[in-house]
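Notes for the one structure printed next.
The values are calculated or read from the model by the stated rules, or taken from the named source; none is laboratory data. Only a predicted model underlies this, so the values are computations on that prediction, with no experimental measurement involved. Cβ: placed from backbone, ideal geometry, glycine included. Neighbour counts: every protein chain shown.
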């Protein structure tokens, strides 16, 4: 057995997602299990280098998790210039990401980044081209694909359970408190367009890769956005005007004729089993998948509903669906993709969730916002480098 240390510059880990999911539940979890064992007998040992603007916050984070204070820095350029740094990871605010990733590529580092990868499609495509020309490995977080519910849904798709798939309907969201009488669950910049906020910018990149990988490439989009809650309160209790969209209602056409409808909202109260659910309907069967659960109804056992509003419903429609079994152990979705990316960096095996895939997400968000502004359906051109 050969142990190889992989030093990962992690920028933005003082934020909620960077800290909880990427540092604690992914990189530190890999260390707790003894590293990542590969088929060739190599064990990859991730060594995080915490990068950020606030030294005190980085020191607190290092102390909290028993990390060496020598592995923290407020000087990104110095970390990138260090030949021992193998990978640059970015979980910063969206508006800061493109420039930092660009600097990492120029320094010859492999790149793994949260999404959206850039604030514009031109910027996202430029990053993909630069990484390809530099010969560095690159990946973009697509965590929803690794969730138990969507892994079960993929299993059904690949098994041909649905027959010909007709449509996909998605519901995502929850009520994010305004911040006056209860603290908001999301940072205030999410609701300021000038800071890169907005639910379209945040969630359409997710919907792009979910639809693309499970059902087919998105070929058109028609969207309507709204700012349902125009006044919110920030982390210091100060009121501010919400300038970004907090809800989006989208219709997507996919290659092969499938129609997808996805509602996304931070101004909706949840009346469903999970915070996101996708219903897939096909000629042979249907499924409803969430973060963890997936239920199905096959053609052979589909009930015969009769519309009669004068008679109270006596049947429980949800009870007529069958639970899809786990049939495997599911780990943390972010950790699972980190493992896949680290294998890719070590072996060079093909990896589809790259910066070009990230650019597709930015493209769909751009077109979604433009569709809403212009009030019309827009085609989604296929991207190539």
When you check residue 13 against the structure, is it assigned by TED's automatic domain parsing to the domain that holds residue 112, in a loop (DSSP other than H, G, I, E, B), under 19 Å from residue 111 (Cα atoms) and in contact (Cβ under 8 Å) with a residue 60 or more places away in the chain, yes or no? yes
Within region 356-385, can you find the residues that are without any contact (Cβ under 8 Å) to a residue 60 or more places away in the chain and surrounded by 13 or more Cβ atoms within 10 Å (Cβ to Cβ)? 370
Return yes when residue 96 is buried (at least 22 other Cβ atoms within 10 Å of the Cβ) and under 26 Å from residue 193 (Cβ atoms) and no when it is not. no
Are any of the residues in region 241-248 surrounded by fewer than 16 Cβ atoms within 10 Å (Cβ to Cβ) and either in a loop (DSSP other than H, G, I, E, B) or at pLDDT 95 or above (or both)? yes
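Condition check ((1) in a helix (DSSP H, G or I); (2) more than 13 Å from residue 142 (Cα to Cα); (3) at pLDDT below 95; (4) in contact with a strand residue (DSSP E or B) (Cβ under 8 Å, 6 or more places away or on another chain)) across all residues:
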site	(1), (2), (3), (4)
328	no, yes, yes, no
335	yes, no, no, no
353	no, no, no, yes
356	yes, no, no, no
Can you find a residue in region 183-199 that is at pLDDT 95 or above, surrounded by fewer than 19 Cβ atoms within 10 Å (Cβ to Cβ) and in contact with a helix residue (DSSP H, G or I) (Cβ under 7 Å, 6 or more places away or on another chain)? no
Considering residues that are part of a strand (DSSP E or B) and surrounded by 15 or more Cβ atoms within 10 Å (Cβ to Cβ), the number found within region 227-239 is 2
Just one listed residue, out of 292, 304, is at pLDDT 95 or above and assigned to a loop (DSSP other than H, G, I, E, B), and it is 292
Could you run through region 21-35 and say how many residues are in contact with a strand residue (DSSP E or B) (Cβ under 9 Å, 6 or more places away or on another chain) and buried (at least 19 other Cβ atoms within 10 Å of the Cβ)? 6
Does residue 256 satisfy the criteria of being modelled with pLDDT under 95 and more than 20 Å from residue 152 (Cα to Cα)? yes
Scan of region 74-97 for residues that are touching a strand residue (DSSP E or B) at 6+ places or on another chain (Cβ under 6 Å) and in contact (Cβ under 8 Å) with a residue 40 or more places away in the chain, ordered by number: 76, 79, 84, 85, 86, 87, 88, 89, 90, 92
Screening 24, 49 for residues that are in the same structural domain as residue 130 (by TED's automatic domain parsing) and not in a strand (DSSP E or B) leaves only 24
Which of the residues spanning region 52-62 are more than 25 Å from residue 341 (Cβ to Cβ) and either in a helix (DSSP H, G or I) or at pLDDT 95 or above (or both)? 55, 56, 57, 59, 60
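Residue-by-condition table, conditions (1) outside the structural domain of residue 38 (by TED's automatic domain parsing); (2) under 24 Å from residue 273 (Cβ atoms); (3) surrounded by 11 or more Cβ atoms within 10 Å (Cβ to Cβ); (4) at pLDDT 90 or above:
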| site | (1), (2), (3), (4) |
| --- | --- |
| 311 | yes, no, no, no |
| 318 | yes, yes, no, yes |
| 324 | yes, yes, yes, yes |
| 342 | no, no, yes, yes |
| 345 | no, no, yes, yes |
